[in-house]
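Right, one structure below, let's go through it.
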Amino acid sequence: MRAVTAAIRMHDRFLLTTHEHPDGDALGSLLGMHLGLQALGKDSVMYLPGSGPIAGEYQWMPLDALVRTPPADQAKRVLLALDCAGAGRIGDPVALERAPLILNVDHHHDNTRFGTVDLVIDTASSTGEIVFDLLTALGVTITPEIAEPLYVALVTDTGRYQYSNTTPRALRVGAELVEAGADVAGVFKKVYESVGFPKLKLLARVLDRAEQYEDGAVVISWLVHTDWPDVGAGEGYSEGVIEHLRSVEGARVVALIREPPFRTPVQRRVSLRASDLSIDVSAIARQFGGGGHPQAAGFTSDQTTAELIEAICSAYVAATRGAA
Ligand SMILES: [Mn+2]
């Protein structure tokens, strides 16, 4: 913490980035940190490599300053990676080589420590919680504009303060953010109750195809690339639909297998969730070259959907063998 705050005080130019397909914690941490650095008089650029769309539920966030290609002075900017478990999660492979200094701020327990300085706190509910601590340590006043994206980070990564990472500390930081001006009902309405109708139809397909395996302990569903055009959905519309699968009685591990929207699949993306603290789905994801949190992880694979269903069930059986 001290090394990161010292590096922030010492330098003037920053390049802030986060992982591809950014979620609420990624975008909230990015924007909160950016505004905090600006409040300190720093020159900060928010950089999300690539052209992938921002998921619909976050498009209301004031991210107009976000750039999708690196700035010309990239090599002179301290790279601050937020919520990135590994270098591969950053969509620009040369960003790390070009950076004079890399600050790696994250809460994934399997973070690969790719930074010059690594601030990895796996007991933090979210990267947003760490950003709040950093800004507080730097003496930044938490304005409503800073509080709201950090609140989005906390509320989304904790499943609206319901998942097992909802610590007393996460609740206290949330309370401080609300005190500082984050609009609880407004964020709820914009993030959770502004679902585009096509997303509802996409969810309907996921629910319709869901199957139970291993006596109901494993629930798996899938999306094919034609589902998006069929229902008129955009690319980010499958974000969060997996959460509906884990609510099923008896489900311990749930998975959503997705083909890339609109394109014939070369690879499929598999998202995994555990509803049970005794199962670490990130360990399953790592067997397939992915990673994540114990309760939420993912990987990509060139296997077919049928092969993946079998592989996930086998991995579940192997992971629980002996533990029962
Ligand atoms: Mn996160």
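The values are calculated or read from the model by the stated rules, or taken from the named source; none is laboratory data. None of these values were measured; they are calculated from a predicted model. Neighbour counts run over all protein chains shown; Cβ positions are idealised from the backbone, glycine included.
Does VAL45 meet the test of being closer than 26 Å to VAL173 by Cα and part of a strand (DSSP E or B)? Give the derivation first.
Details: closer than 26 Å to VAL173 by Cα: yes; part of a strand (DSSP E or B): yes.
The answer is yes for VAL45.
Does PRO294 qualify as being within 16 Å of the ligand (Cβ to nearest atom) and part of a loop (DSSP other than H, G, I, E, B)?
Considered against the rule, which asks whether it is within 16 Å of the ligand (Cβ to nearest atom) and part of a loop (DSSP other than H, G, I, E, B), PRO294 comes out as yes.
Test ALA95 against the stated conditions and say whether it is in contact with a strand residue (DSSP E or B) (Cβ under 8 Å, 6 or more places away or on another chain), in the same structural domain as VAL131 (by TED's automatic domain parsing), aliphatic (A, V, I, L, M) and closer than 24 Å to GLY240 by Cα. Give the steps one after another, and end with the answer.
Working: in contact with a strand residue (DSSP E or B) (Cβ under 8 Å, 6 or more places away or on another chain): yes; in the same structural domain as VAL131 (by TED's automatic domain parsing): yes; aliphatic (A, V, I, L, M): yes; closer than 24 Å to GLY240 by Cα: no.
No, not satisfied.
Given GLY216, GLY196, which one is out of contact with any Pro (no Cβ under 7 Å at 6 or more places or on another chain), surrounded by fewer than 19 Cβ atoms within 10 Å (Cβ to Cβ) and within 19 Å of PRO261 (Cβ to Cβ)?
GLY196
Pairs under 8 Å by beta carbon, first residue without any contact (Cβ under 8 Å) to a residue 24 or more places away in the chain in the range 157-178, partner assigned to a helix (DSSP H, G or I) and small (Gly, Ala, Ser), six or more apart or different chains?
TYR161/ALA170; TYR161/GLY174
Return the only residue of GLU179, GLU211 being surrounded by fewer than 16 Cβ atoms within 10 Å (Cβ to Cβ), outside the structural domain of SER125 (by TED's automatic domain parsing) and not small (Gly, Ala, Ser).
On the way: GLU179 fails: outside the structural domain of SER125 (by TED's automatic domain parsing).
Only one candidate passes the filter, namely GLU211.
Which one is surrounded by the most Cβ atoms within 10 Å (Cβ to Cβ) among residues in the range 76-131 that are among the hydroxyl-bearing types (Ser, Thr, Tyr) and within 11 Å of the ligand (Cβ to nearest atom)? Full working, then the answer.
Of the residues in the range 76-131, the ones among the hydroxyl-bearing types (Ser, Thr, Tyr) are 112, 116, 123, 125-127.
Right, trim to within 11 Å of the ligand (Cβ to nearest atom) and you get 125-127.
On the way: SER125: 26, SER126: 27, THR127: 32.
Of everything passing the filter in the range 76-131, THR127 is surrounded by the most Cβ atoms within 10 Å (Cβ to Cβ).
Exactly one of these conditions fails for PRO144: (1) without any contact (Cβ under 8 Å) to a residue 60 or more places away in the chain; (2) touching a strand residue (DSSP E or B) at 6+ places or on another chain (Cβ under 7 Å); (3) within 23 Å of VAL187 (Cβ to Cβ). Give me its number.
All conditions are met except number (2).
Looking at (1) in a loop (DSSP other than H, G, I, E, B); (2) away from the ligand (no atom under 16 Å from the Cβ); (3) touching a Gly at 6+ places or on another chain (Cβ under 9 Å), which one does SER51 not meet, given that it meets all the others?
(3)
Answer yes or no as to whether TYR151 is buried (at least 24 other Cβ atoms within 10 Å of the Cβ) and either of a type outside the set (A, V, I, L, M) or assigned to a loop (DSSP other than H, G, I, E, B) (or both).
yes
In the set ASP73, ASP64, ASP43, which member is surrounded by fewer than 18 Cβ atoms within 10 Å (Cβ to Cβ), more than 14 Å from VAL140 (Cβ to Cβ) and touching a strand residue (DSSP E or B) at 6+ places or on another chain (Cβ under 6 Å)?
Step by step, each of ASP73, ASP64, ASP43 is checked, and only ASP43 is surrounded by fewer than 18 Cβ atoms within 10 Å (Cβ to Cβ), more than 14 Å from VAL140 (Cβ to Cβ) and touching a strand residue (DSSP E or B) at 6+ places or on another chain (Cβ under 6 Å).
Would you tally the residues in the range 214-233 being without any contact (Cβ under 8 Å) to a residue 40 or more places away in the chain and at positive phi?
Number of matching residues: 3.
Here's a check for you: in the range 5-34, which residue that is out of contact with any helix residue (DSSP H, G or I) (no Cβ under 8 Å at 6 or more places or on another chain) and of a type in the set (Gly, Ala, Ser) is surrounded by the most Cβ atoms within 10 Å (Cβ to Cβ)?
Per the stated criteria, the residue is ALA7.
Do you know which of the residues in the range 134-148 that are of a type in the set (S, T, N, Q) and assigned to a loop (DSSP other than H, G, I, E, B) is nearest to ALA7 (Cα to Cα)?
Across the range 134-148, the extreme among qualifying residues is THR141.
Under 7 Å between Cβ atoms, which residue pairs at least 6 apart in sequence (or on different chains) link something in the range 23-39 that is within 24 Å of GLU235 (Cβ to Cβ) with a partner that is near the ligand (Cβ under 8 Å from one of its atoms) and hydrophobic (A, V, I, L, M, F, W, C)?
Listed pairs, sorted by first residue: GLY24/ALA153; ASP25/ALA153; GLY28/ALA153; SER29/ALA153.
Determine whether LEU277 is within 20 Å of the chain's Cα centre (by Cα) and within 16 Å of the ligand (Cβ to nearest atom). First the steps, then the outcome.
Working: within 20 Å of the chain's Cα centre (by Cα): yes; within 16 Å of the ligand (Cβ to nearest atom): no.
No, not satisfied.
When SER278 is evaluated against the numbered criteria (1) surrounded by fewer than 20 Cβ atoms within 10 Å (Cβ to Cβ); (2) free of Cβ contacts under 8 Å to residues at least 40 places away in the same chain, which criterion, by number, is the only one it fails?
(2)
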